[in-house]
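Trainee: Here it is, the structure, as structure tokens.
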Amino acid sequence: MKIKQNTNTNTNTNDANDTGDANDAGDMDNVNHPTPNPTRIDSQLIEDDSDILSLSDVRDTHQLHKSAIKRVIVTGVTGQDGSFMADYLLKNTDCMIYGTVRRLSVKNYTNIHHLKREPRFKLINLDLTDDYSIREAITEIKPHYFLNFAAQSFVDGSWDYPIQTWETDATAILHILESIRKFAPYCRFYNAGSSEEFGDVIKDPQDEEHPLRPQSPYGAAKAAARHLVRVYRESYDLYAVQGWLFNHEGTRRGKEFVTRKITHTIAKIKHALEQDKKYDVLKLGNLDAQRDWTDAEDFMSGVWLMMNQDAPKNYVLASGKMNSVREFLQETLKCANIKHKIIGDGEYEKFLTEDDKLIMEVDPKFYRPAEVHKLRGDCTLAENELGWTRTYNFKKLVKRMYESDYEQLKNR
């Protein structure tokens with residue numbers, strides 16, 4: 001979508017409209033990016049540095065490295081994808097999981113608060129912009145797998161801080177690969193790729209053979225990382241892959257992204273209408289932008305399947321179906337049982353309740369400098385070769401997200 005993102009997460013007009021899809025997941029816990037205030041869920045919330053394992057503690061646990069249990073480093077673990085990946089591994093494997101976080105004055109561990117007392121899950125400090133930090137984690141933990149979900153994953157934001165985006169999404173991958181090559185060549189590496197790498201698409205749907213034609217600094221950085229992964233895989237015989245994960249959403253999606261922005265704001269409006277209170281109107285950019293949306297939890301099994309083949313290979317994970325931002329909003333309103341009407345078109349389009357209360361209006365300031373109008377993935381290869389399947393369709397995804405937001409707001 002042609003959208004200019006405001007990265008201030010404290011605005012009450014919900015003014016980000018980002019359809020980025022890689023780790024996207026607000027998975028910025030290992031890079032410098034504004035972090036929302038943490039929400040206390042219950043007494044078990046991970047909330048201070050005492051919950052983070054130092055590398056000296058790892059070093060002193062000699063029996064751990066002699067154990068047959070495999071060790072997995074998961075970056076971006078406080079974001080959507082990293083936290084879902086940790087959940088998946090704890091449920092489906094006997095691996096020891098090391099989730100990485102960077103030192104912050106304000107911490108946000110909401111997505112992993114439920115793992116506080118999980119004996120196979122530990123937090124460690126790691127900063128993707130610091131090659132020494134990466135090297136230390138790899139040499140001390142000696143991981144069997146390194147799953148990188150951390151990134152500057154806001155597509156619109158990459159226009160505002162392109163250098164930081166490049167350092168985090170491309171240069172950091174080079175540092176990880178170098179450390180794996182030198183100190184843990186047996187370690188299998190996964191880097192979260194993005195459909196934004198395809199950018200200005202020339203065929204629909206996009207499969208593994210589609211050329212890389214990125215339309216944003218974010219897409220370009222992810223495309224560069226893909227080339228680095230290929231070069232190291234072919235030059236040093238590393239098991240290194242970068243899957244193309246098309247847009248994936250869920251209940252842990254950051255409110256900066258258009259899908260969660262829609263479900264969260266409509267949930268707030270629903271509560272306000274029920275209580276006859278005032279509310280902030282939803283503001284969006286290009287409603288015609290179309291994306292291939294899948295539930296993020298469905299992608300975790302696909303990633304793990306990619307990491308456990310006889311030979312490394314990149315795959316597209318997607319639903320194969322497209323919906324517009326307008327359709328996502330309409331489905332959310334349906335879940336909320338808010339009857340509506342549409343007036344105007346283009347940048348003058350508005351959604352109103354039946355009694356003429358404004359729900360949504362278009363704000364052109366959220367248009368992007370360069371637009372990616374349509375993205376739809378062809379996951380035939382993953383389905384046929386990996387046996388990967390999905391559980392949730394588009395309507396179920398929207399329903400899960402809306403109901404989660406509605407319940408969270410009701411319990412405040």
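Each value in this text was obtained by applying a stated rule to the coordinates, not by laboratory testing. The structure displayed is predicted, hence computed values, not measured ones. Positions of Cβ are generated from backbone atoms using ideal geometry, with glycine treated the same way; all protein chains shown enter the neighbour counts.
Trainee: If Lys and Arg each add +1 and Asp and Glu each add -1, what is the summed charge of the other residues whose beta carbon sits under 11 Å from the beta carbon of ALA170?
Mentor: With Lys, Arg at +1 and Asp, Glu at -1, the net is 0.
Trainee: Does the range 164-203 come out rounded, prolate or oblate, given a ≥ b ≥ c as the square roots of the eigenvalues of its C-alpha gyration tensor, rounded meaning a/c under 1.5 and, failing that, prolate meaning a/b above b/c?
Mentor: Judged from the Cα gyration tensor, the range 164-203 comes out oblate (a/c at least 1.5, b/c at or above a/b).
Trainee: How long are the semi-axes of the equivalent ellipsoid of the range 358-402, taking √(5λ) for every eigenvalue λ of the Cα gyration tensor, in whole Å from largest down?
Mentor: 32, 19, 6
Trainee: Structure shown: which of LYS122/LYS268; LYS268/LYS396; LYS283/LYS410; LYS350/LYS410; LYS203/LYS396 lie over 25 Å apart, alpha-carbon to alpha-carbon?
Mentor: LYS122/LYS268; LYS350/LYS410; LYS203/LYS396
Trainee: For GLU249, list long-range residues whose amide hydrogen, built 1.01 Å from N in the peptide plane, is under 5 Å from its own amide hydrogen.
Mentor: Excluding prolines and chain starts, which carry no amide H, the hits are THR294, ASP295, ALA296.
Trainee: Put a dot 7 Å past each Cα toward the Cβ at ASP288 and LYS365; how far apart are the dots in nm?
Mentor: Calculated label separation equals 2.4 nm.
Trainee: Note the full-extension length gain between LYS357 and ASN393 as 0.36 nm times their separation in residues minus their Cα-Cα distance, in nm to one decimal.
Mentor: Here the segment from LYS357 to ASN393 would lengthen by 9.9 nm.
Trainee: Just want the answer: with Cβ charges of +1 for Lys and Arg and -1 for Asp and Glu, which residue in PRO205, ALA184, PRO217 is farthest toward the dipole's positive end in the range 172-225?
Mentor: About the Cα centre, the residue reaching furthest to the positive side is ALA184.
Trainee: When Rg is the radius of gyration of the Cα atoms in the range 286-412 and Rh is its Kirkwood radius, what does Rg/Rh come to?
Mentor: Taking Rh as the inverse mean 1/r over Cα pairs, Rg/Rh reads 1.06.
Trainee: Under 17 Å from a point placed 7 Å out from the Cα of LEU212 along the Cα-to-Cβ direction: which residues of the range 303-321 have their backbone N that close?
Mentor: Inside the label zone: 313-317.
Trainee: In the neighborhood of ILE134, defined by Cβ-to-Cβ distances under 9 Å, what is the net charge if each Lys or Arg adds +1 and each Asp or Glu adds -1?
Mentor: -4
Trainee: Compute the label zone of GLN309 within the range 185-214: residues whose backbone N is under 14 Å from the point 7 Å along Cα-to-Cβ.
Mentor: Backbone N within reach: 189-191, 208-209.
Trainee: Moving to a separate point now. Counting other beta carbons within 10 Å of each Cβ, put PHE121, PHE183, PHE84, PHE146 in order, fewest first.
Mentor: PHE183, PHE121, PHE84, PHE146
Trainee: Provide the three semi-axes, in whole Å and in decreasing order, of the ellipsoid equivalent to the range 83-153 as defined by the square roots of 5 times the Cα gyration tensor eigenvalues.
Mentor: So the three semi-axes of the range 83-153 are 19, 16, 11 Å.
Trainee: Applying the Karplus parametrisation 6.51 cos²θ - 1.76 cosθ + 1.60 with θ = phi - 60° to the phi angles of the range 391-396, what ³J(HN,Hα) value in whole Hz is obtained for each residue in order, glycine and proline being reported as x?
Mentor: 9, 10, 8, 4, 5, 5
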